[in-house]
Amino acid sequence: MIRQRVVLAAAAGVTSALLLTACGGSGDSSSDTDSGAAAASSAPESSAPADSGEGDADSMGMATTAMLMTKEMEGMGTFVTDEKGMTLYRYEMDQASPSKSMCTGDCAKTWMPVMAQDSVKAMGVEQSLVGSVDRSDGMKQLTLAGRPLYRYMGDAKAGEMKGQAKDSKWYAVTPAGEKAAMSSGGSGSSGDTSGGSGSSDEMEGMPGMS
């Protein structure tokens, strides 16, 4: 009997120890869970990168170009295009010295100001004539001989110049920054000998002219 009591007491002690260990483990697990939840709540929430606010120039009604090139057309002489062959224009209401663009608001939606890039290459155009001007909307516009440059929304493909002489204020620009096909013959083109006066009949024959 005495030996049985000793065995039972020992078994009861082992059982108690196991119960205490289990309870302790459960408590630690709960503690770990609580501390993990606290750490998660204190960690800063991740967020998507903030928008830099710099919209694409074309989507904002602007145009961009990294190169100025020249194109020659019979009856029009030589005029300036961008690297895609799109005709570039000058606006007679603008100022050349000092440079100033007068085309803003709705005007700039139809006549897209050509935005100045960090580096603009010139082919057939004197590099020293290429410059830029700060617009009233905060953008920097490309200039040629002081004249702000534009693209016309009506020109859908390279070589078109539907904006030529539009409202008698918009003209394709020559490599010297002058008006293309000027009636005074000052377009800077030496090959435009036929109809050198730039008559209105010739102008009406050009694409997009009315």
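Filtered by the rule that a residue be open to solvent by less than 40 Å² (accessible area, probe 1.4 Å) and in a strand (DSSP E or B), the range 112-132 gives Met112, Pro113, Val114, Met115, Ala122, Val130, Gly131.
Only residues that are buried (at least 17 other Cβ atoms within 10 Å of the Cβ) and part of a loop (DSSP other than H, G, I, E, B) were counted in the range 133-159, giving 6.
Against the test of being surrounded by fewer than 16 Cβ atoms within 10 Å (Cβ to Cβ) and not in a loop (DSSP other than H, G, I, E, B), the options Lys84, Lys109 yield a single qualifying residue, Lys109. Going by the structure shown, is Ser99 modelled with pLDDT of 95 or more, under 18 Å from Asp82 (Cα atoms) and more than 19 Å from the chain's Cα centre (by Cα)? No; evaluated as a whole, the condition is false for this residue. As for the range 55-71, it holds no residue that is farther than 15 Å from Leu142 by Cα, modelled with pLDDT of 95 or more and exposed (fewer than 14 other Cβ atoms within 10 Å of the Cβ). The set of residues in the range 110-129 being closer than 22 Å to Lys162 by Cα and modelled with pLDDT of 95 or more consists of Thr110, Trp111, Met112, Pro113, Val114.
The values are calculated or read from the model by the stated rules, or taken from the named source; none is laboratory data. Just so you know, these numbers come straight off a predicted model, no measurement behind them. Because the Cβ atoms are built from the backbone with ideal geometry, glycine has one as well, and the counts that use them run over all protein chains shown. The area values use the complete protein model at the heavy-atom level, side chains included, leaving out ligands, DNA and RNA. Shrake-Rupley method; radii C 1.70, N 1.55, O 1.52, S 1.80 Å.
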